[in-house]
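**Q** Pasting a structure below so you can have a look.
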Amino acid sequence: MKISVLCENQAGHNGSRSILAEWGLSLLIEAGAVNILFDAGHTNVYWHNAEQLKINLNRTDFIVLSHHHWDHVGGLQHHGFKTKKKLVAHPELIAQLPAKESRKIKTDFRIITSAEPLEFSQGIFYLGEIPRVNNFEKGLFKRKRMPDDSAMAIKTKNGAVVITGCSHSGICNICQYAKQVTGQKLYAVIGGFHLFGNDPKAVEGTVRYFKKEQPKHIYPMHCIDLSNLARFHHEFGIVKFSAGDTIQL
């Protein structure tokens, strides 16, 4: 499995002269013969970076959206797809978008919605609505529950690979559900963890959780502050991946 970081808050060392960065996230996941664009950042940065990395996004088989926020969905307004791609999302996601953005997505893509786990390709799951099961993650955004905040899980011979956008529903809630849906232990957790210093209860609970679960790879990015990146580096020896970087599993 190859995961190319097309958009992230920072530009990585690989291709640093030509790669752009913006606040947002977009990943291209190449899992066997299936190519999945997971989120699209805010502007055309993900498309620009794909071109710089010599990645042909028109070979994308599916687009998966983690939630409706501008820094994950806005980039689809600037896509260059030549055919209607299949787009997987929660039923409430499109309704949360501004009218102009919603119209373009409805026109340009073949939308597949599900609030339940959906195996949209063999061994590859969109998780749908995430159950809130622990007592240390709020699972809220601005004091409101976000039903459309979801993630992906991919079954591998080594365990489940979890791909997250922002984890407003809680990174550990997501991982627990991914284990349930796939029937596998955690192998890798990649994407936005939404961990900040103003929520120490969630930070401590997450560290405890990953120490217990012991996934081989933990790669937080996008929505995690510097102090918690340092904490995860100290606790787990993590590497921070940025736009232009590639993760090989």
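The values are calculated or read from the model by the stated rules, or taken from the named source; none is laboratory data. A quick note: this is a predicted structure, and the numbers were derived from the prediction, not measured. FYI the Cβ positions are ideal-geometry reconstructions off the backbone, even for glycines, and counts take in every protein chain you see.
**Q** Please verify whether residue 148 is closer than 26 Å to residue 55 by Cα, among the acidic types (Asp, Glu) and touching a residue at least 40 places away in the same chain (Cβ under 8 Å), treating the condition exactly as stated.
**A** Answer is no for this residue.
**Q** Closer than 25 Å to residue 144 by Cα, out of contact with any Ser or Thr (no Cβ under 6 Å at 6 or more places or on another chain), surrounded by fewer than 24 Cβ atoms within 10 Å (Cβ to Cβ) and not aliphatic (A, V, I, L, M), is that true of residue 74?
**A** So residue 74 passes the test.
**Q** Condition check: without any contact (Cβ under 8 Å) to a residue 40 or more places away in the chain and at positive phi. Does residue 80 satisfy that?
**A** Taking the combined requirement at face value, the residue does not satisfy it.
**Q** Okay, next question. Select from the range 28-81 the residues that are of a type in the set (D, E, K, R) and in a loop (DSSP other than H, G, I, E, B) and list them in ascending order.
**A** Once the filter is applied, which keeps residues that are of a type in the set (D, E, K, R) and in a loop (DSSP other than H, G, I, E, B), the range 28-81 yields 39, 54, 61.
**Q** Contact list please: Cβ distance under 8 Å, first residue in the range 187-199 and over 11 Å from residue 220 (Cα atoms), second residue assigned to a strand (DSSP E or B), pairs at least six apart or on different chains.
**A** Qualifying pairs under 8 Å: 187/156; 187/159; 187/160; 187/161; 187/217; 196/224.
**Q** Moving to a separate point now. Only one residue in 22, 8, 119 is closer than 19 Å to residue 192 by Cβ, of a type in the set (Asp, Glu) and in contact with a strand residue (DSSP E or B) (Cβ under 6 Å, 6 or more places away or on another chain). Which one?
**A** Checking each option against the conditions leaves just 8.
**Q** Of the residues 32, 80, only one is of a type in the set (Gly, Ala, Ser), in contact with a Phe, Trp or Tyr (Cβ under 8 Å, 6 or more places away or on another chain), more than 11 Å from residue 243 (Cβ to Cβ) and surrounded by fewer than 16 Cβ atoms within 10 Å (Cβ to Cβ); which?
**A** Of 32, 80, the one residue that is of a type in the set (Gly, Ala, Ser), in contact with a Phe, Trp or Tyr (Cβ under 8 Å, 6 or more places away or on another chain), more than 11 Å from residue 243 (Cβ to Cβ) and surrounded by fewer than 16 Cβ atoms within 10 Å (Cβ to Cβ) is 80.
**Q** Step by step: first the residues of the range 4-29, then only those that are closer than 22 Å to residue 109 by Cβ and touching a residue at least 60 places away in the same chain (Cβ under 8 Å), then the one that is surrounded by the most Cβ atoms within 10 Å (Cβ to Cβ). Which residue is that?
**A** Among those residues, the one meeting the criterion is 7.
**Q** Among the residues of the range 79-106, how many are at pLDDT below 95 and over 23 Å from residue 146 (Cα atoms)?
**A** Going through the range 79-106 one residue at a time, the tally reaches 0.
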